[in-house]
Amino acid sequence: MMALTRAVSPSIGRCQLSHLPRQPIDPAVAASQHARYTALLESFGCRVTEVPAAPELPDSVFVEDTAVVLDEVAIVGRSSVASRRSETEPVASELGRHRPIRRIHAPGTLEGGDVLRTGRTIWVGESRRTSAAGLAQLRSIAEPLGYEVRPVRVTGCLHLKTAVTAVADDALLVSPDWVDVAPFQGLHLTEVHPDEPFAANVLRLGTRLIMDSGHPRTVARLRSAGRDVTTVDISELAKAEGGVTCCSLLLSDTIAFRPESHHRPDSGVSSRGASG
Ligand code: CIR
């Protein structure tokens, strides 16, 4: 497994905020929390590559939103927020070394925080960041590769993955006030503790889960169900509405991709690796 990350911007205090009141954010504290997060990924066997820092872009640490990585392709997203649009190109350059690149084009918008994959199903949040046109473009890229793309209504939070993430291939952790769980029939659902609505954002590396230490009751709930949970303090990043998934883009090493052999960046591809 490989992870792309990006340094915390010194201007993170000017981040986008949708559902939280603005509070002072200490960039140095955020950076040291981010360093511990990165070290944790490395301790789990991830090779971490840092995308060149963008100090002028307050939200650039939240690299997850810039793209959707599948085994076969990487789809570069397009934010509905102008201040986040120039985050994508340096990430696309790095992703292009590992996957053929596809793109969400204007007027469509799509952020990676709205995209959750379970097996060959891709769940897409219908949020203020991801439009119907963006979802349709993702569908036209992913369905020919054998994925089923399914919309999910999200209300009251930023992204789909603020409200729901996978804790196993067939099991989700949900914050039920923010997401319509009807589409998830057939999957095992665990609810966050009612006092911890932000706890649903979990980073999964195989059977190991990384969670924000600020949600101890939900952590306890998952541990008592036998899940392997490691916590990390990201309280300063949480003030910017970031969670543990937002700070990395994970790429499985399941395919051999040679960038020099890929001459048509927008063409379809036929290689397919195992699910990650
Ligand atoms: C934003 O509003 O775009 C950032 N302040 C937070 C982005 C968090 N990303 C994520 O949940 N995937």
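The values are calculated or read from the model by the stated rules, or taken from the named source; none is laboratory data. Only a predicted model underlies this, so the values are computations on that prediction, with no experimental measurement involved. Methodologically, a virtual Cβ is constructed for each residue, glycine included, from the backbone with ideal geometry; neighbour enumeration extends over all protein chains shown.
Just name the residue that is farthest from the ligand (Cβ to nearest atom) out of those in region 147-166 that are in contact with a Leu (Cβ under 9 Å, 6 or more places away or on another chain) and more than 13 Å from G112 (Cβ to Cβ). Taking the candidates together, the pick is Y147. Scanning region 77-121 for residues that are assigned to a strand (DSSP E or B), away from the ligand (no atom under 11 Å from the Cβ) and within 14 Å of A136 (Cα to Cα) yields R78, R102, R103, L110. In summary, strands (runs of 3 or more DSSP E) completely within region 170-254 and bearing 3 or more residues that are closer than 22 Å to A30 by Cα occur at 208-212, 228-232. Taken together, S275, S224, S248 contain a single residue that is modelled with pLDDT of 70 or more, within 18 Å of A166 (Cα to Cα) and out of contact with any strand residue (DSSP E or B) (no Cβ under 7 Å at 6 or more places or on another chain), which is S224.
For region 125-178, a residue qualifies if it is touching a Ser or Thr at 6+ places or on another chain (Cβ under 8 Å), of a type in the set (A, V, I, L, M) and either touching a residue at least 60 places away in the same chain (Cβ under 8 Å) or within 25 Å of E196 (Cα to Cα) (or both), and the qualifying residues are V154, L158, L160, A163, V164, A166, V167, A168, A171, L172, L173, V174.
L70 meets each of the listed conditions (1) within 16 Å of the ligand (Cβ to nearest atom); (2) within 19 Å of K161 (Cα to Cα) apart from (1).
When D180, D170 are checked against the criterion of being of a type outside the set (V, I, T), farther than 24 Å from T5 by Cα and modelled with pLDDT under 95, D180 stands alone in meeting it. None of L160, L205, L172 is in contact with a helix residue (DSSP H, G or I) (Cβ under 9 Å, 6 or more places away or on another chain), buried (at least 18 other Cβ atoms within 10 Å of the Cβ) and under 19 Å from L40 (Cβ atoms) except L205.
Look at region 85-119 and say how many of its residues are more than 21 Å from S248 (Cα to Cα) and surrounded by fewer than 19 Cβ atoms within 10 Å (Cβ to Cβ). Don't jump to the end; show me each part of the working.
As a first pass, look at region 85-119 and keep what is more than 21 Å from S248 (Cα to Cα): 105-108.
Next cut, surrounded by fewer than 19 Cβ atoms within 10 Å (Cβ to Cβ) only: 105-107.
The qualifying residues number 3.
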